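Enquirer: Structure provided below as structure tokens; questions to follow.
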Amino acid sequence: MRRVLIADDSASNRELLRTMLAHEGWTVEEARDGLTAVEMATARPPELILLDIQMPGLDGYETLRRLRAAPALAGVAIYAVTASAMEGDEQRGLAAGFTGYLTKPLTRRMLLAALS
């Protein structure tokens, strides 16, 4: 079974993503902050990580940097899921090492299209 880690400080955002992905057969794990996401992912690497950029403590970019530095996570797809949709934000995210960049509000169709 495919496993995904959702890292977002918003419970409602995690619930929305969890619902969409569970409906598609994913096993969903959740972290409410970047540090917890790093700990969970390095302990048990998922196939996919969906990472909010604007989180307290470790923001999404620092979380991404730590995840990309972990050898066990070298092949894991890490997508930004963010409300940051200003010109240049997506390019900055991809240059930082995100596999893809998804902007909120996110629909099921947008999510599935990006992950296929």
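The values are calculated or read from the model by the stated rules, or taken from the named source; none is laboratory data. Given the structure is predicted, the values throughout are model-derived calculations rather than measurements. Glycine gets a Cβ as well: all are built from the backbone with ideal geometry, and neighbour counts include every protein chain shown. Remember, those area values only see protein heavy atoms, side chains included, never the ligands or the DNA or RNA. Shrake-Rupley method; radii C 1.70, N 1.55, O 1.52, S 1.80 Å.
Enquirer: Determine, yes or no, whether Ala31 is surrounded by 18 or more Cβ atoms within 10 Å (Cβ to Cβ) and either more than 18 Å from Tyr101 (Cα to Cα) or of a type in the set (Phe, Trp, Tyr) (or both).
Expert: Here the answer is yes, as Ala31 does meet what is asked.
Enquirer: Name the residue that is surrounded by the most Cβ atoms within 10 Å (Cβ to Cβ), counting only residues in segment 54-110 that are assigned to a helix (DSSP H, G or I) and acidic (Asp, Glu).
Expert: Across segment 54-110, the extreme among qualifying residues is Glu90.
Enquirer: With (1) among the hydrophobic types (A, V, I, L, M, F, W, C); (2) open to solvent by less than 30 Å² (accessible area, probe 1.4 Å); (3) in a helix (DSSP H, G or I) as the list, and Val4 as the residue in question, which single condition is left unmet?
Expert: Looking at each condition in turn, Val4 falls short on (3).
Enquirer: Within segment 78-98, which residues are of a type outside the set (A, V, I, L, M) and in contact with a helix residue (DSSP H, G or I) (Cβ under 9 Å, 6 or more places away or on another chain)?
Expert: Within segment 78-98, Tyr79, Thr82, Ser84, Arg92, Gly93, Gly97, Phe98 qualify.
Enquirer: For segment 1-11, indicate whether the set of residues that are farther than 24 Å from Ser116 by Cβ and in contact with a Ser or Thr (Cβ under 7 Å, 6 or more places away or on another chain) is non-empty.
Expert: No, segment 1-11 has no match at all.
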